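Student: Quick one: the structure is below, and I'll ask about it shortly.
Each value in this text was obtained by applying a stated rule to the coordinates, not by laboratory testing. These figures come from a predicted structure and were not determined experimentally. For neighbour counting, all protein chains shown are included, and Cβ atoms are generated from backbone atoms with ideal geometry for every residue, glycine included.
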Amino acid sequence: MLDPGIDAIFNPKTVALVGASGEEGKMGYVFAKNLTSGYQGKVFLVNPKGGKILGRDAYRSIKDVPEGIDLAVIVIPAKAVPSAMKELGEKGTKAAVVITSGFSEAGPEGKALEEAMMEEADEGHVKVVGPNCFGVYNCNIGLNASMGIGASEPGGDISFLTQSGAYGMAIFTFAMDHHMRFAKIMAHGNKAGIDDYEVVRYLGQDEETKVICLFLESVERGREFYDEAKEVTLRKPIVATKTGRTAGAVRAAASHTAAIAGSFTAYEAAFKQSGIIFARNGMDMISIAKGLDWQPLPRGKRVGIITNSGGTGVELADLCEENGLVVPELSKELRSRIGGLIPSYASARNPIDMTPIWSKFVELYSEITRILYESDEIDVIVPIVLQRAALMPDVCTALADTVNDCLSRGLRKPTYVCWVSTRDGLRNMDLLQRKRVPCFDWPERTARAVGGIASYADFLLSRGVDLEGR
């Protein structure tokens with residue numbers, strides 16, 4: 001059963017903005033615009049001066065709001081938050097997102113304010129996100145209760161929990177640039193009222209969420225987090241980035257969100273044992289999530305590399321094997337079949353190097369990919385779309401169509417494109433990614449992403465999970 005407090009955060013029918021403002025440049029204005037620009041539920045704006053804000057009636061106090069409140073968004077000064085929380089509790093409010101900073105991250109006085117706020121929240125049974133946070137989204141219902149601008153299109157199934165607000169939103173917007181769609185996002189700052197494990201449990205039960213991303217600075221209740229994660233990963237993947245791995249980063253985390261980072265060695269072991277995919281940084285987290293969301297899981301670790309550059313193919317083969325993958329030499333029969341398509345001076349051994357035979361790129365990328373789909377010697381297909389190939393839209397269109405045709409025929413094998421090009425080729429990358437063929441920049445990022453995905457599939461197989469349909 002979904003936690004009703006967390007569900008009120010993501011699926012409220014009524015939202016009250018405490019600290020709404022009609023003055024551009026103020027936080028209360030930003031949130032008023034965001035909440036009234038797409039969300040279809042009821043929004044109540046609260047400002048002690050009353051009047052009109054964005055053409056809507058403003059209520060002078062929380063008590064004056066004429067209906068029950070599912071979710072309150074708080075942007076008033078820190079010293080006023082405990083009393084506002086008391087009023088929300090008396091109103092029967094289910095949840096609150098406290099954007100305001102100046103709490104435990106700011107020292108002893110702020111810590112005392114945070115404790116006073118949570119006393120009132122606990123007394124009134126209000127589930128709290130924050131304080132000192134960026135906010136929350138539910139992109140599928142148009143809810144933007146955050147400082148961010150806009151939201152991804154509806155229909156997304158990736159959910160993202162981040163302790164860092166601004167950087168988390170930068171990751172989110174980068175992902176949208178790459179045609180990824182999200183379901184739910186929470187940037188929860190100091191984490192005074194909700195622990196990570198509670199959100200992991202909720203997202204694990206949430207039918208809209210298929211892939212979970214975590215950007216973590218600290219995990220306060222490690223045992224509960226581990227226990228929840230090892231249950232959830234059997235049903236859906238969790239990709240996590242953990243910062244605070246070095247002494248300098250630990251200090252930065254503490255001043256940023258009052259985080260206690262802890263030993264990274266312990267996190268690393270817990271991630272591995274629970275099936276969480278560890279991503280070294282936010283970009284890798286998005287790459288892995290994209291591959292998981294758009295393509296079926298691999299049934300093994302054997303990679304077939306297609307390239308028009310021998311050097312790039314060799315580098316990718318090295319990096320794949322360093323990331324736990326295998327680049328096997330193809331059988332004589334398979335080499336012969338591919339060899340009939342490529343020049344005599346090219347190589348069909350794997351990496352399959354077609355050489356820079358530009359006039360045949362459209363045919364070769366498509367046909368070699370199709371051959372690897374039909375072969376039982378390869379589990380993962382990685383075409384390297386490099387320079388001239390990346391600048392040819394027909395190559396990208398043909399490759400995307402081939403991948404989707406093979407998948408539609410039931411050949412459940414993933415393809416991940418290693419993209420090596422200048423900015424001039426980005427429009428052509430879009431031709432692939434609009435059709436859910438993921439592209440990863442350069443060999444190192446590709447190998448890390450594919451290695452992470454393959455390790456998760458291997459984890460599931462080791463636990464007896466059937467990968468059919470996943």
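Student: Just how far, in whole angstrom, is segment 1-40 from segment 147-191 if you go by their alpha carbon centroids?
Tutor: 16 Å
Student: Right, something else. Starting from the Cα of Arg409, step 7 Å toward the Cβ, then list every residue of segment 364-382 with an amide N under 12 Å from that point.
Tutor: Correct set: 367-375.
Student: How far, in nm, would the chain grow between Arg427 and Thr265 when pulled straight, counting 0.36 nm per residue and subtracting the alpha carbon separation?
Tutor: Details: separation 162, 0.36 × 162 = 58.32 nm, distance 4.11 nm.
Gain on stretching Arg427 to Thr265: 54.2 nm.
Student: Can I ask one more? Based on Cα coordinates alone, diagonalise the gyration tensor for segment 1-131, multiply each eigenvalue by 5, take square roots, and list the semi-axes in whole Å, largest first.
Tutor: 22, 18, 13
Student: Which one, (i) 80, 46, 39; (ii) 81, 66, 54; (iii) 70, 52, 43, gives Cα extents along the principal axes in Å as derived from the coordinates shown?
Tutor: Label of the calculated value: (i).
Student: Which residues' amide hydrogens lie under 5 Å from the amide hydrogen of Phe160, considering only partners 5 or more residues apart or on another chain, with H built in the peptide plane?
Tutor: Under 5 Å from the amide H of Phe160: Lys184, Ile185, Met186, Cys213.
Student: Once you mark the GluC sites (Glu not before Pro) that are in a DSSP loop and have at most 16 other Cβ atoms within 10 Å, what is the longest gap between them in the chain? Could the numbers behind the result be given before it?
Tutor: Values: sites that count: Glu23, Glu24, Glu67, Glu207, Glu220, Glu329, Glu377, Glu468.
Longest gap between qualifying sites, sites excluded: 68-206.
Student: Something else about it: Over segment 261-348, what is the relative contact order in percent, taking alpha-carbon pairs closer than 8 angstrom and at least six residues apart? Working shown, then result.
Tutor: On the way: 35 pairs, mean separation 14.7, N = 88.
Averaging sequence separation for qualifying contacts and normalising by length gives 17 percent for segment 261-348.
Student: Excluding Met1 itself, calculate the net charge of residues whose Cβ lies under 14 Å from the Cβ of Met1, where each Lys or Arg counts +1 and each Asp or Glu counts -1. Walk me through the numbers before you get to the answer.
Tutor: Working: positive: Arg201; negative: Asp3, Asp7, Glu198, Asp206, Glu207.
Net charge around Met1: -4.
Student: Oh, and also: Just to verify a number: FRET efficiency for Glu322 and Glu363, C-beta to C-beta distance, R0 = 35 Å, to 0.05?
Tutor: Efficiency, rounded to the nearest 0.05: 0.60.
Student: If you count the DSSP beta bridges with both ends in the chain, what percent of them are antiparallel, to the nearest 5? Provide the component values of the computation, followed by the final result.
Tutor: Values: 11 of 60 bridges.
The antiparallel fraction comes to roughly 20 percent.
Student: How many nm separate the modelled label positions at Lys49 and Glu207, each set 7 Å beyond the Cα in the direction of the Cβ?
Tutor: Rounded to a tenth, the inter-label distance reads 4.6 nm.
Student: May I ask for the net charge around Ile378, where only other residues with Cβ less than 14 Å from the Cβ of Ile378 are counted and Lys, Arg are +1 while Asp, Glu are -1?
Tutor: Details: positive: Arg299, Lys301, Arg302, Arg335, Arg337, Arg349, Arg370, Arg412, Lys413; negative: Glu329, Glu333, Glu374, Asp376, Glu377, Asp379.
Once positives and negatives cancel, what remains is +3.
Student: Using Cα-Cα distances under 8 Å and only pairs 6 or more residues apart, what relative contact order does the chain have, in percent? Can you show the working numbers first?
Tutor: Numbers: 1012 pairs, mean separation 50.3, N = 470.
The normalised contact order for the chain reaches 11 percent.
Student: Right, here's the next one. Enter the angle in degrees (range 0 to 90, nearest 10) between the Cα long axis of helix 247-257 and the first principal axis of the Cα atoms of the chain, meaning the one along which they spread out most.
Tutor: 40 degrees
Student: Once the other residues with Cβ under 10 Å from the Cβ of Asp196 are scored (Lys, Arg +1; Asp, Glu -1), what is the net sum? Present the calculation step by step, with values, prior to reporting the outcome.
Tutor: Numbers: positive: Lys191, Arg201, Arg221; negative: Asp195, Glu198, Glu220, Glu224, Glu228.
For residues surrounding Asp196, the net value is -2.
Student: Which lysines have a Cα lying under 30 Å from the Cα of Lys272, excluding residues fewer than 8 positions away in the same chain?
Tutor: Lys272 reaches Lys184, Lys191, Lys210, Lys230, Lys236, Lys242, Lys290, Lys301, Lys413.
Student: Normalised by the residues of segment 152-294, what does the relative contact order come to in percent, with Cα pairs under 8 Å and at least six apart?
Tutor: Numbers: 250 pairs, mean separation 36.9, N = 143.
Computed over segment 152-294, the figure is 26 percent.
Student: In 5 Å bins starting at 0, how do the alpha-carbon pair distances of segment 152-294 split up by percent?
Tutor: 2, 10, 22, 25, 22, 13, 5, 1, 0
Student: Then there's this: Does anyone have the angle between helix 310-322 and the longest principal axis of the chain? Alpha-carbon axes, 0 to 90°, nearest 10?
Tutor: 60 degrees
Student: To test your reading of the geometry: what angle, between 0 and 90 degrees and rounded to tens, separates the Cα axis of helix 108-124 from the longest principal axis of the chain?
Tutor: 80 degrees
Student: Which of the aspartates and glutamates could a cross-linker span from Lys79 if the Cα-Cα distance has to be under 20 Å and same-chain partners fewer than 8 positions apart are dropped?
Tutor: Counting by Cα, and skipping residues close in sequence, Lys79 has these aspartates and glutamates nearby: Glu87, Glu90, Glu105, Glu109, Glu114, Glu115, Glu119, Glu120, Asp122, Glu123.
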